[in-house]
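A.B. asks: A single structure is presented below for examination.
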Amino acid sequence: MSALYPRPKDEFLYVHRKLADKQCPKCHGKNVRRYPVLKPRGWAITIKCQDCFHELTVEYPRPAGPFVPVTKDLKFSPIG
């Protein structure tokens with residue numbers, strides 16, 4: 001795997017959580033963010049309150065979510 005995905009240079013890895021223009025229905029907080037998460041069904045985009053962790057929505061945009069396999073554009077022979 002290291003040939004395809006080299007070791008990150010950063011000491012810490014993080015996900016950028018974009019501010020969503022919504023209000024939490026549970027705690028009425030405005031710190032609601034949109035970001036990718038790994039769920040039992042696969043990768044999803046969630047909108048979640050960062051104060052009470054209430055999940056407003058979950059979207060499964062593609063079968064693999066934001067993950068794009070390295071072999072996506074490879075041409076395979078008829079044999080397999």
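A.B. asks: Within the set of pairs 6 or more residues apart or between chains, which connect a residue that is of a type in the set (Phe, Trp, Tyr) inside segment 4-20 to a residue that is part of a loop (DSSP other than H, G, I, E, B) with Cβ atoms less than 9 Å apart?
C.D. replies: Taking only residues 6 or more apart or on different chains, the pairs are Tyr5/Val70.
A.B. asks: Within segment 26-46, can you find the residues that are modelled with pLDDT of 90 or more and surrounded by fewer than 11 Cβ atoms within 10 Å (Cβ to Cβ)? If you could, list the steps in order and put the result at the bottom.
C.D. replies: So the first thing to find is which residues in segment 26-46 are modelled with pLDDT of 90 or more, and the list is 26-37, 45-46.
Of everything in segment 26-46, just one residue is modelled with pLDDT of 90 or more and surrounded by fewer than 11 Cβ atoms within 10 Å (Cβ to Cβ), namely His28.
A.B. asks: Now, a different point. Hey, could you check segment 47-67 for residues that are modelled with pLDDT of 70 or more and among the aliphatic types (A, V, I, L, M) and say which is surrounded by the most Cβ atoms within 10 Å (Cβ to Cβ)?
C.D. replies: Among them, the one singled out is Ile47.
The values are calculated or read from the model by the stated rules, or taken from the named source; none is laboratory data. This one's a predicted model, so the numbers in the text were calculated from it and none came from an experiment. Cβ coordinates were reconstructed from backbone atoms using ideal geometry, including for glycine residues, and neighbour counts include every protein chain displayed.
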